[in-house]
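Before any comments, here is the structure.
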Amino acid sequence: MLPLLRGLLTTLKSMAEKPTTVSYPEQKRPVSARFRGRHVLNRYENGLEKCIGCALCAAACPADAIFVEAAENTDEKRFSPGERYASTYEINMLRCIFCGFCEDACPTEAIVLEDNYELSFTDRKQAIYTKEMLLNPVPAQGKPTPQQVEPGVFTRSVPEMKDPTD
Amino acid sequence: MPKLVNLTINHTRVTVPEGTLIVDAAKEAGINIPVFCYHPKMEPVGMCRMCLVDVARPVIDRATGQPVLEADGAPKLSFGPKLETACTTPVSEGMLVVEDSPKVTAARKDILEFLLTSHPLDCPICDKGGECPLQNLTLGYGPTESRFDFADKLHHAKRVPLGELIFLDRERCIQCGRCVRFQEKIAGDPVIGFYQRGRKLEIQTQTQPGFDSIFSGNTSDICPVGALTTADFRFGARPWEMEAHPSICAQCAVGCNIVFNTKREARSEGGMAIKRVMPRQNEAVNEIWLCDKGRFGYHYLQSGERLTRPMIRQNGELVPVSWETATDTIVERLKTGRSGLTVLAGGRLANEDLFNLKRLADAEHGKTLFYTHMGGGDLTGQVGLAPGSNLATLGKGDAVLVVASDLHEEAPIWWLRLKQAAARGASLVVLNPRATRLDDFAAISQRYHYGRVMDALAALFAGEAGQVLSQAANLVIFFGSEGLGVDGSQAVAQACANLLIRTGHTGRPNNGLVGVWSEPNAQGAWELGYRPAKNLTAELAEAHVTLVAGADPAGDDPALAETLQQSEFLVVADLFMTETAKRANVVLPALPYSEREGSFTSGERRVQRFTAALPPREKAHTEAMIAARVAARLGLKIEESLPVVFEKLAAETPAFTGLSFDRLAETHPQKPLLSREDLYYSGTAYENTAGLGCTLALTGSPAEAEPVTPELPAPVENALLAVPITRLYDRSSTLVHSSSILGQRMIGAEVWLNPQDAAERGLSAGAEIEIHLKSANWPVKVVINADVPAGAALLPRSVGIPAFELAALEI
C-alpha cells in the first residue's frame with residue numbers, strides 16, 4: 001500500500017510542476033551560442049558576398065559535402081571583393097556532419113554554421129543547398145550582387161581578420 | 001666517365017661526378033635544399049639566396065700541397081666566413097656541407113621574410129595555391145608571422161595580361177627570373193624581360209602581340225609563385241581537387257607525355273571535365289616541356305558539338321538510331337554487297353583501332369588505305385630510329401639534317417631539342433626553300449627552289465654538308481612535306497634513306513630517318529601496313545563499302561567530296577559531323593583519346609600508352625570496338641578489349657614483338673630527379689609513373705632504291721606556284737572545334753606572298769582576294785612575308801583549300 005501511495009505522490013507533485021517539454025514547432029528553444037546548425041554564406045554590409053570561392057571549406061570538409069567552383073569578378077559584375085568569387089557553391093546536407101571545419105578553414109569568415117536545425121527533405125536532390133539558398137539576405141544599406149562598382153576599389157580579396165572572439 | 005668526388009652533406013656521405021652542384025648532390029642523397037631561382041634544366045644564377053648552406057673545405061698546406069690533418073688523423077676542415085649558395089657552388093673533394101644548422105635555418109627564415117615583404121599573401125584565390133613553392137617553403141622554413149603591414153607592401157594592379165594566354169601578377173613575383181631565362185635560353189624567344197630595378201623590378205613583354213612565344217605555357221609551370229598563370233586555367237579548380245590521368249598529346253607526331261587534370265564541373269552537370277593539361281616528365285621525348293598548342297588545344301575533346309549517337313541515312317536525312325541498328329545496316333550491306341570493304345584511316349586513330357580495322361578489312365577481302373599528305377613511312381620503319389635513341393644525347397660529332405620542314409611550326413618540341421643538340425655541339429644542317437627558325441642554330445643552311453628538292457639534296461650530299469653528314473658519329477634525318485605531296489615526300493625520304501644506308505647510319509641508336517607527320521599516330525599506321533592510295537579518287541569511286549575513320553577527305557578536297565557523294569555505301573566514324581560525315585550512309589560516334597585507353601606510335605617510333613581521363617560519353621565507341629562489333633555479326637572473332645587487341649597486334653606485327661600495355665607502362669628513374677614531394681625544385685611538371693614507352697624494333701632489310709621524282713606542274717603564264725605548308729595553329733581535324741583561347745592564333749584561309757609578288761599584283765597585307773586553283777576560286781586573306789621565295793604562294797594545309805602538292809595558282 002505504501003509504495004503505491006508514494007508513487008501517486010510523485011505523480012501529483014509533477015502535475016504541479018512547470019512542464020520541461022515545449023510544444024515544438026509552435027514554440028522553439030533558443031540554441032546555445034556555439035550551436036552548429038545549417039550553414040549560411042555571409043555578406044558584407046555593402047551587399048558583396050564574403051565568399052571568394054577559394055574552396056578551402058571543401059578541402060577541409062571530412063565528408064566531402066561541399067562543392068565550389070570559382071569565376072572571375074569584373075567591376076561591371078562584382079560579386080565579392082578581389083578577383084575571385086564562387087560561381088557555384090553547393091552543400092549536400094545529407095553528407096554534412098556539422099563539424100564546423102569549413103567555418104574554421106574560411107579565410108574571409110564567409111561560411112558560418114548558424115542556428116537553423118530544421119532540415120528535412122523528401123528527396124535527395126532537395127538536400128543539396130545551392131548558393132542562393134545559403135546566402136544571407138542583402139543588408140538594408142547594401143545592394144544585391146552582382147554589383148556595378150567603381151574600378152580599383154575592391155582589389156583585395158582577403159580582408160584583414162581579427163582574432164575570432166567566439 | 002667523369003671523375004667522382006666524395007663529400008659529406010649533413011651526416012650523409014655522397015659520391016657524385018665532378019662538376020655537380022651542391023643542390024643536385026644533396027638531391028641524390030635524399031636531402032632537399034630549398035630553392036626558388038634554381039632549375040635543373042637551366043644554368044644557375046644564385047638570385048634568390050634561398051639555398052644558402054654552410055660549406056667547409058679541407059685545409060691545404062701551402063708548402064706541401066697536402067691536406068692538413070687533425071690530431072685524430074681526419075683532414076682539418078675550415079668553414080667559409082659566409083654561407084654559400086648551394087645552386088652555384090660545385091662540389092669538391094672532402095667538402096662538408098651543413099644545411100641543418102641554426103645558422104642556415106636562420107638565413108632561410110630571413111630570406112623568406114624578405115621575399116614576403118612584398119607578397120600579397122592572397123593564397124586563397126591564387127591558382128598556384130596548393131602547388132606553390134613559396135607556400136611550401138614558407139610553411140617549412142619561414143617565419144610564422146609577418147612583421148610587415150599589408151598597407152606598407154608594394155601594390156600593383158592585380159593581373160596584367162602578358163599575352164592572351166598568360167597573366168602576370170606583379171605583387172606575387174619574387175623576381176627569380178626563371179621565366180625570363182626559360183624564354184631566352186630554352187625557348188629561344190626572348191620576348192619577356194626585366195624592367196626597372198630593385199623593388200620596382202617587374203616582368204614586361206617586349207612583343208606585339210604580347211608574350212609572342214609558342215612555349216609560353218611552360219613559364220607558368222616553372223614559376224615558383226603564382227605570378228604567371230594561364231588564362232585558360234584561371235580559377236578553374238584548386239590543384240588538390242583534381243585527379244591526374246596520364247596521357248599522350250595528340251596534336252603532332254612528337255608524342256609529348258602529358259597529364260589531364262580532371263574535376264567535376266557544374267557546366268557538365270556534375271560530370272568530370274578536363275581542367276588543364278600538364279607536362280609529364282619523359283627525358284627521351286619532351287623532358288618537362290609542352291608547346292602551347294598541346295597545352296591549350298584540348299578543348300575539342302569535350303566540345304558540345306561532338307557526335308553522341310549513331311546515325312543512318314533514311315530518305316536522304318541522317319536520323320539517330322541505336323548501335324544495333326547501325327551495325328546491322330553495315331553488316332547487311334557487307335553481306336549482300338559484292339564483297340569488299342575499303343577502310344580509309346587517318347593518323348589520329350590509335351594502334352589498336354588501326355589493327356582491328358585492318359583485320360576486319362582483311363577478312364572482308366578489303367583494302368586498308370592511309371589518308372595522309374605525306375609519304376615515306378615505309379622507309380622510317382626500316383631505317384628509322386632504333387631502340388635506345390634519345391635526341392637529348394646528340395652532341396659533339398653528331399649531325400642532324402632537316403629537309404623540307406619548318407620544325408618550329410610543325411613539331412615545336414623537336415625544334416626545341418634540336419636547338420639544344422646544336423648547343424651541345426651537334427652539326428645541324430637545314431635544307432628548306434625558305435628561312436625557318438631552325439636556321440639560327442644551323443651549321444649549314446641551304447635553300448632551294450620549290451620543286452627542285454631532289455636536285456638540292458643531291459647537291460647537298462655531294463658538297464661540304466655531305467662530308468659533315470657522312471662523317472658524323474650519329475646521323476638523324478628529319479624530313480617533312482613543305483611544298484611536297486605524298487610522292488614528293490616519298491622521294492625525299494628515299495634519297496635520305498639512301499644516304500643513311502650508304503654511310504652506315506642505320507640500325508643503331510640515335511641514327512635514322514624521322515618523318516615530321518602532322519598526326520599523332522601516322523608512324524603507327526605505316527608500321528601496321530597502311531599505305532596511301534596511288535589514286536585515292538579512283539579507289540573511292542570503285543569501293544563498294546567505304547569506311548572512313550579519323551579523316552575528313554571531303555573537307556580537304558572538293559573533288560574527293562564529289563566522289564564520296566557518289567559512293568555506293570559510306571560509313572564514317574568520327575568525333576564531329578565533318579564534311580565527309582555529312583555525305584555518309586552511316587555515321588558512328590567515335591571516342592576521343594581522352595575517354596579511352598590505347599597507344600600511339602610517335603614519329604621517333606616510340607609506342608606510348610594513354611589512359612582514359614574521363615568516363616566515355618554515352619553511345620560513343622572506339623573504332624576498335626566498332627570493328628569488333630561488325631566482325632561479330634559477320635561471324636568473325638575480333639577482340640574488343642584494348643589490352644588484348646594490343647597483345648594480338650604485338651604477336652602479329654614483327655616491329656611490336658614482345659610489347660604489351662604492361663611493358664609500355666614501365667618506368668625507370670630519370671635525371672634530373674623530379675618529384676611531386678618537392679615541387680619547388682623544378683616546377684609543376686608531373687613525375688612519370690605511368691610509363692616511358694618503348695621504341696619499336698627495326699624491321700625489314702633496308703636497301704637503297706632510286707627515288708621516283710614526281711613531275712613538276714607545267715609552268716603557266718603569270719601564275720604563282722601554290723605551295724602547301726603546315727602551320728602550328730592549323731584547323732586540322734583535331735583543332736576544328738577548338739578552344740576560344742587559341743582563337744586569335746588560329747590560322748584561316750590565307751596565302752603567303754613575297755613582298756615583290758604582292759606589290760606587282762597590287763596586293764596589301766590583309767587584303768581579301770580570290771585565288772584560282774584547280775579550276776575553282778577560293779577566297780583567301782593575303783599575308784606578306786619576306787621569307788617567302790619569289791614566285792611562290794604558300795597555302796597552309798587544313799583550311800579547306802585543296803593544295804596537296806605544287807600547282808599553278810592564279811590571283
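Among the residues of segment B:228-280, those that are under 26 Å from B:Leu162 (Cα atoms), within 14 Å of chain A (Cβ to nearest Cβ) and aliphatic (A, V, I, L, M) comprise B:Ala231, B:Ala237. Taken over segment B:461-484, the criterion of being touching a Gly at 6+ places or on another chain (Cβ under 8 Å) and surrounded by fewer than 24 Cβ atoms within 10 Å (Cβ to Cβ) is satisfied by B:Ala472, B:Ala473, B:Asn474. Selection of segment B:244-270 for residues being in contact with a strand residue (DSSP E or B) (Cβ under 7 Å, 6 or more places away or on another chain) and free of Cβ contacts under 8 Å to residues at least 40 places away in the same chain yields B:Ile258, B:Asn261, B:Lys263, B:Arg264, B:Glu265, B:Ala266, B:Gly270.
Among the residues making up segment A:43-92, those that are among the acidic types (Asp, Glu), under 17 Å from A:Pro151 (Cβ atoms) and facing chain B (nearest Cβ under 7 Å) are A:Glu72, A:Glu83. How about segment A:93-117: which of its residues are within 10 Å of chain B (Cβ to nearest Cβ), among the polar types (S, T, N, Q) and over 19 Å from A:Phe154 (Cα atoms)? Correct list: empty.
Check segment B:455-464 and report whether any residue there is part of a loop (DSSP other than H, G, I, E, B) and either charged (D, E, K, R) or touching a residue at least 24 places away in the same chain (Cβ under 8 Å) (or both). For segment B:455-464, residues part of a loop (DSSP other than H, G, I, E, B) and either charged (D, E, K, R) or touching a residue at least 24 places away in the same chain (Cβ under 8 Å) (or both): absent.
Check segment B:291-309 and report whether any residue there is away from chain A (no Cβ under 14 Å) and assigned to a strand (DSSP E or B). No: zero hits. Note on segment A:145-160: among residues that are surrounded by fewer than 10 Cβ atoms within 10 Å (Cβ to Cβ) and within 11 Å of chain B (Cβ to nearest Cβ), the one that is modelled with the highest pLDDT is A:Gly152.
Is at least one residue of segment B:208-226 within 26 Å of A:Thr74 (Cβ to Cβ), within 14 Å of chain A (Cβ to nearest Cβ) and in contact with a helix residue (DSSP H, G or I) (Cβ under 9 Å, 6 or more places away or on another chain)? Within segment B:208-226, one or more residues are within 26 Å of A:Thr74 (Cβ to Cβ), within 14 Å of chain A (Cβ to nearest Cβ) and in contact with a helix residue (DSSP H, G or I) (Cβ under 9 Å, 6 or more places away or on another chain).
In the set (1) surrounded by fewer than 19 Cβ atoms within 10 Å (Cβ to Cβ); (2) within 30 Å of B:Pro654 (Cα to Cα), the condition left unmet by B:Pro707 is number (1). Residues of segment A:63-83 include at least one that is within 24 Å of B:Asp122 (Cα to Cα), modelled with pLDDT under 95 and touching a helix residue (DSSP H, G or I) at 6+ places or on another chain (Cβ under 7 Å).
Against the list (1) over 18 Å from B:Ala655 (Cβ atoms); (2) buried (at least 24 other Cβ atoms within 10 Å of the Cβ); (3) not basic (Lys, Arg), the condition B:Gly512 fails is (1). On the stretch given as segment A:118-141, residues that are closer than 14 Å to A:Leu41 by Cβ and away from chain B (no Cβ under 14 Å) total 8. Taken over segment B:757-799, the residue count meeting the criterion of being in a helix (DSSP H, G or I) and surrounded by 14 or more Cβ atoms within 10 Å (Cβ to Cβ) is 2.
Condition check ((1) outside any helix (DSSP H, G or I); (2) among the charged types (D, E, K, R); (3) modelled with pLDDT of 95 or more) across all residues:
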position: B:Ile477; (1), (2), (3): yes, no, yes
position: B:Asp487; (1), (2), (3): no, yes, no
position: B:Val492; (1), (2), (3): no, no, yes
position: B:Cys496; (1), (2), (3): no, no, yes
position: B:Gly507; (1), (2), (3): yes, no, no
position: B:Leu513; (1), (2), (3): yes, no, yes
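In this structure, B:Ile248 does satisfy being under 27 Å from B:Thr262 (Cβ atoms), surrounded by 24 or more Cβ atoms within 10 Å (Cβ to Cβ), of a type in the set (A, V, I, L, M) and not assigned by TED's automatic domain parsing to the domain that holds B:Tyr593. Each residue in segment B:649-673 was checked for being surrounded by fewer than 17 Cβ atoms within 10 Å (Cβ to Cβ) and more than 24 Å from the chain's Cα centre (by Cα), and 5 pass. A count restricted to segment B:15-35 and to residues that are of a type in the set (Val, Ile, Thr) and either without any contact (Cβ under 8 Å) to a residue 60 or more places away in the chain or assigned to a helix (DSSP H, G or I) (or both) stands at 3.
The values are calculated or read from the model by the stated rules, or taken from the named source; none is laboratory data. All values reported here derive from a predicted model rather than from experimental measurement. Please note: Cβ atoms are built from the backbone with ideal geometry, for glycine as well, and neighbour counts cover all protein chains shown.
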